[in-house]
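The values are calculated or read from the model by the stated rules, or taken from the named source; none is laboratory data. Small disclaimer: the values here were computed from a predicted structure and weren't measured. So basically every Cβ, Gly included, is an ideal-geometry build from the backbone, and we count neighbours across all protein chains shown. Just the protein is used for accessible areas: all its heavy atoms, side chains included, with ligands, DNA and RNA removed. Shrake-Rupley method; radii C 1.70, N 1.55, O 1.52, S 1.80 Å.
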Amino acid sequence: MIENWDNFSAPYTQAVEELKIKLKGIRKQFRQESQHSPIEFVTGRVKPKDSILAKAQLRSIDMNRLETDMQDIAGLRIMCQFVDDIHMVVKLLRNRRDFKIVEERDYITNNKESGYRSYHVVLEYPVQLISGEKKLLVEIQIRTLSMNFWATIEHSLNYKYQGEFPEDINIRLQRAAEAAFQLDEEMSQIRVEIQEAQRLFSHNKGYLEEEKGLKPKIN
């Protein structure tokens with residue numbers, strides 16, 4: 001059994017914070033070069049003790065094997081505007097040398113029966129501790145904003161129904177998942193126009209800030 005949960009979770013917290021900085025750094029580099037960033041924003045968390053214990057019991061995971069058998073104790077989510085951005089993010093992760101990808105699960109091409117869509121990447125991430133290097137498993141979920149909206153609602157309903165949804169809610173969730181996917185498809189069709197509008201908006205916003213004295217003028 002784990003006697004000190006703070007000590008157990010500390011390296012995972014460090015891994016999440018380091019990866020958030022690195023992923024936000026990728027986004028910043030794209031924007032500094034005036035390019036569309038495939039990363040819209042990044043969130044992260046360490047699974048709390050109660051959730052770890054509940055999942056361990058549900059999946060029959062030995063408490064002495066949590067670090068190897070539970071992949072999402074440390075978890076991050078990367079939000080993207082377009083489905084193509086998800087594939088670009090995956091490619092960027094594959095090219096990194098500061099961690100190792102140990103598993104990929106494509107729930108976009110092969111969505112779950114419930115309608116869930118997302119791309120999951122499991123990393124083996126090395127955390128530097130005063131006692132030496134410790135390699136941890138970290139799960140990254142990469143989604144569009146519409147996929148995340150659906151998944152958040154479905155997750156909330158799961159707490160109420162414990163996964164046993166009434167048939168009418170199950171049908172509506174599947175319809176909503178298809179509607180969210182169609183939204184992503186439509187947005188992808190006008191991606192060029194959307195990105196051009198966003199560039200114009202950013203440019204005009206910067207100009208207005210200069211005129212109002214909120215931003216120093218560039219001579």
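Can you pull out the residues in the stretch 76-86 that are within 13 Å of the chain's Cα centre (by Cα) and surrounded by fewer than 20 Cβ atoms within 10 Å (Cβ to Cβ)?
Arg77, Met79
Being on the phi > 0 side of the Ramachandran plot, modelled with pLDDT under 95 and of a type outside the set (D, E, K, R) is the requirement here; does Ser51 meet it?
Here the answer is no, as Ser51 does not meet what is asked.
Residues that are open to solvent by 60 Å² or more (accessible area, probe 1.4 Å) and at pLDDT below 85: does the stretch 170-177 have at least one?
Taking every residue of the stretch 170-177 in turn, none turns out to be open to solvent by 60 Å² or more (accessible area, probe 1.4 Å) and at pLDDT below 85.
Among the helices (runs of 4 or more DSSP H) contained in the stretch 5-99, which hold 2 or more residues that are of a type in the set (Ser, Thr, Tyr)?
Here the list reads 5-32.
Can you run down the residue pairs with Cβ atoms below 7 Å, 6 or more apart or on separate chains, where the first is in the stretch 177-192 and in a helix (DSSP H, G or I) and the partner is of a type outside the set (S, T, N, Q) and open to solvent by 80 Å² or more (accessible area, probe 1.4 Å)?
Every condition considered, the pairs that remain are Ala180/Phe149; Ser188/Asp84.
Residue by residue through the stretch 121-169, note down the ones that are open to solvent by 30 Å² or more (accessible area, probe 1.4 Å), within 26 Å of Ser188 (Cβ to Cβ) and not in a helix (DSSP H, G or I).
If the condition is that a residue be open to solvent by 30 Å² or more (accessible area, probe 1.4 Å), within 26 Å of Ser188 (Cβ to Cβ) and not in a helix (DSSP H, G or I), then no residue fits.
Could we say that Ser118 is free of Cβ contacts under 8 Å to residues at least 60 places away in the same chain, buried (at least 16 other Cβ atoms within 10 Å of the Cβ) and of a type in the set (Gly, Ala, Ser) here?
For Ser118, the condition - free of Cβ contacts under 8 Å to residues at least 60 places away in the same chain, buried (at least 16 other Cβ atoms within 10 Å of the Cβ) and of a type in the set (Gly, Ala, Ser) - is met.
Answer yes if at least one residue in the stretch 195-218 is modelled with pLDDT of 75 or more, open to solvent by less than 40 Å² (accessible area, probe 1.4 Å) and within 19 Å of Val83 (Cβ to Cβ), and no otherwise.
No: the stretch 195-218 contains no residue that is modelled with pLDDT of 75 or more, open to solvent by less than 40 Å² (accessible area, probe 1.4 Å) and within 19 Å of Val83 (Cβ to Cβ).
Being aromatic (Phe, Trp, Tyr) and open to solvent by less than 30 Å² (accessible area, probe 1.4 Å) narrows it down to one of Phe30, Phe41, Phe99, so name that one.
Phe99
Name the pairs whose Cβ atoms lie under 7 Å apart, with the first residue in the stretch 77-94 and within 15 Å of Ile108 (Cα to Cα), the second open to solvent by less than 20 Å² (accessible area, probe 1.4 Å) and assigned to a helix (DSSP H, G or I), and 6 or more positions between them or separate chains?
Ile78/Leu23; Ile78/Val89; Cys80/Ile86; Cys80/Val89; Val83/Asp184
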